[in-house]
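See below for the structure under consideration.
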Amino acid sequence: MKKEDGIPWTIYEKGTGVIGPCGCYFGPCSDLLIEYRNHPYLDPSTALSKVVCRNPCLLKDMYEYQYFVPQYSQWMEEVNKMFMGMLAIGMAPLAAAAAVEIIPMAVPILETIVTINVRTKGTEFVTGFCIDIALNGAIEYYFLDNPHPFNNIDLAQATASGLEAMIDTKNKIYEVIGAAALSCLTDGFTEDGKIRDEFEVVECGKGILSSVITDIALFGGSKALNQLGNIPKGKLIKGLFKIFPSSSYGTATAGGGGPPNLVWTVFKHLHNGELDADAVKAFFDITDDDIAQRIVSNLADQQVLDDLMGSGFYNFLRNLDWPESVKADLVDDLAGDKVFRDAIAGSDALVKAWETLIAHPLIRKDIATLKSINKILDNAGIANIISKEDLQMSVKKLAEKGVKCRTCLSGNPAYRYLDEILDDLEHGATKFRDNYTSVITGFKQGGNFTEGAIFVADAVKRYGNDFPSGTLFEFTEVTTGGVRRVDVRVNNGFNGNKDVFFEFKSVQDVPPTGFATQFVKDLDLPEVDNLGQLRWWFDGNKISSLPKQKFLDQLNAASIDQPIIDKLLPNITNPTKIDLLQKISQDFDQIFSIK
């Protein structure tokens, strides 16, 4: 039957094939010629009908794009103008095939396209041609989770973008990625114009797609903007991170690089920066809806949004192996304090220090303390001496004692600031290594043990010349009267050949309880034969003077064996206890001092 009264063919006669405007068709997809018998693409007066008649399966391709229906591109509008509406089409595969027919040229192999000067813009055509193949396939693969995005692709599909590139010569994206596209895809084609089975075209597409995304982020480029904008927010963000995985804050690796906030910038272009719970879950790699909504609320403030998302800080936070609630706690703290946010959001190290102090909501926001914590965590030389857990327990016990941070409103002003005490701890562990473990143990024990450890750590740092690196801390010595636990021992610290024994006292009452018994044990140490080998240091934050006579009175009341007296007074014949007390009185200020 012929076309009548300007009405396209509407009736087909079916035998072993299909009779219609395509003649008698016996090939694949003949059923589509019946299903779409009234379709304008089959109007014999259009150039498009020649393409469809040769391959009716093109009609099926119109429904294979889940998110991009109808697919639109600038080239369609321009082609419609050029050919007076003959190509009123909305799907890329069909449009591409039509473009092949309208621009007569051979496309059996990519090399042919490269060498033929298509009109006056052969280079632009080839660039757009290559980009389309990789770009659309990569979108399918990375954003829509299609594991086989290139199974049915051929050269004709990309011709449409070739035409667009010829028309839109001002689009710099073709200059930016054209060479890479040509180089990458040329290697992927066989001589019959098909993609090699073993060709990693997805990786090729990844590089090209990343360049397009970077163009959107840097210059607001429109290539693929509509397609990407139609993808659900969660899928979009996850796809972007597949292409631009981030290993640390401020770093966008793989996929062509880009600014550290690239994923956010693209999202902002596509969705005006409007976050919802799904977007937050994708940005921060969390799954809990309530936690996601909590973060959405914290990011409602524009300044907070710009500081955290605009800086690319999410790159770091999403990769942390933290409980989701801890990630939300960090966003809470960052959102609540601009000064804190500016200090910590640009520092991986301070964020990790913050997590170490997660149990202390006030202390963890003190920048000075975070810096001191970081110095300890970042000191590889003491990692086996003071662990993260040791540090956490030490801070806990210090907080229980009332040690305050610089921004903490409460605490005991008698103590130095927490960051100063932590710096002492780091100094001691670095200088004395394994010998310092007993001091760390003291910090962790709490109560008076922590009190003593604070004083020891401070004193050995302030008077560093008195304590060389080989100094021993907290050890036991056997005496005549039993066992004596000594705070610090400095080898050869007296006259170059005798050890010096230190006792540290952080007390308010002097002499301290048990003084005489303890001091007599010091006198009985086997290595001690001179009073110059003994040092008792008292915490100057607790006392201001030492009542000498009270010390002597308690020693006078104590029992001191004659052998002890004899060894300490070798130059006196038949020395007595009175002689020893007189010597102690003479050397009192050398033995006992306030530090």
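The values are calculated or read from the model by the stated rules, or taken from the named source; none is laboratory data. Predicted model only: the values in this text are computed from it and were never measured. FYI the Cβ positions are ideal-geometry reconstructions off the backbone, even for glycines, and counts take in every protein chain you see.
Counted as qualifying within the stretch 517-595 are the helices (runs of 4 or more DSSP H) with 2 or more residues that are at negative phi, buried (at least 16 other Cβ atoms within 10 Å of the Cβ) and not β-branched (Val, Ile, Thr), namely 548-557, 577-586.
Residues of the stretch 329-369 that are surrounded by 17 or more Cβ atoms within 10 Å (Cβ to Cβ), under 19 Å from Thr430 (Cβ atoms) and not β-branched (Val, Ile, Thr): Ala353 alone. Of the residues making up the stretch 262-294, just one is surrounded by fewer than 20 Cβ atoms within 10 Å (Cβ to Cβ), touching a residue at least 40 places away in the same chain (Cβ under 8 Å) and in a loop (DSSP other than H, G, I, E, B), namely Asp276.
Would the stretch 429-438 turn up any residue that is touching a residue at least 40 places away in the same chain (Cβ under 8 Å) and among the small types (Gly, Ala, Ser)?
Pass one, the stretch 429-438, residues touching a residue at least 40 places away in the same chain (Cβ under 8 Å): 429-430, 432-434, 436-437.
Going one step further and asking which of them are among the small types (Gly, Ala, Ser), we end up with 429.
Yes, the stretch 429-438 contains a residue that is touching a residue at least 40 places away in the same chain (Cβ under 8 Å) and among the small types (Gly, Ala, Ser).
Rundown of residues vs (1) modelled with pLDDT of 95 or more; (2) of a type in the set (A, V, I, L, M, F, W, C); (3) more than 22 Å from Pro512 (Cβ to Cβ), yes/no style:
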{"position": "Pro361", "(1), (2), (3)": "yes, no, yes"}
{"position": "Lys365", "(1), (2), (3)": "yes, no, yes"}
{"position": "Gln392", "(1), (2), (3)": "yes, no, yes"}
{"position": "Gly428", "(1), (2), (3)": "yes, no, yes"}
{"position": "Asn435", "(1), (2), (3)": "no, no, yes"}
{"position": "Gly446", "(1), (2), (3)": "no, no, no"}
{"position": "Phe449", "(1), (2), (3)": "no, yes, no"}
{"position": "Lys461", "(1), (2), (3)": "yes, no, yes"}
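All of Leu262, Leu320, Leu305 fail the test of being touching a Leu at 6+ places or on another chain (Cβ under 6 Å) and modelled with pLDDT under 95, apart from Leu305. Among residues of the stretch 384-395 that are assigned by TED's automatic domain parsing to the domain that holds Leu418, those with a beta-carbon under 7 Å from a residue that is hydroxyl-bearing (Ser, Thr, Tyr) and crowded, with 18+ Cβ neighbours inside 10 Å at least six positions away or on a different chain give the pairs Ile385/Tyr436; Lys388/Thr356; Leu391/Thr356; Gln392/Thr356.
Residue count for the stretch 303-328 under the criterion of being part of a helix (DSSP H, G or I) and buried (at least 17 other Cβ atoms within 10 Å of the Cβ): the result is 12. Tallying residues that are under 18 Å from Phe449 (Cβ atoms) and either among the polar types (S, T, N, Q) or in the same structural domain as Lys461 (by TED's automatic domain parsing) (or both) within the stretch 492-514 yields 3.
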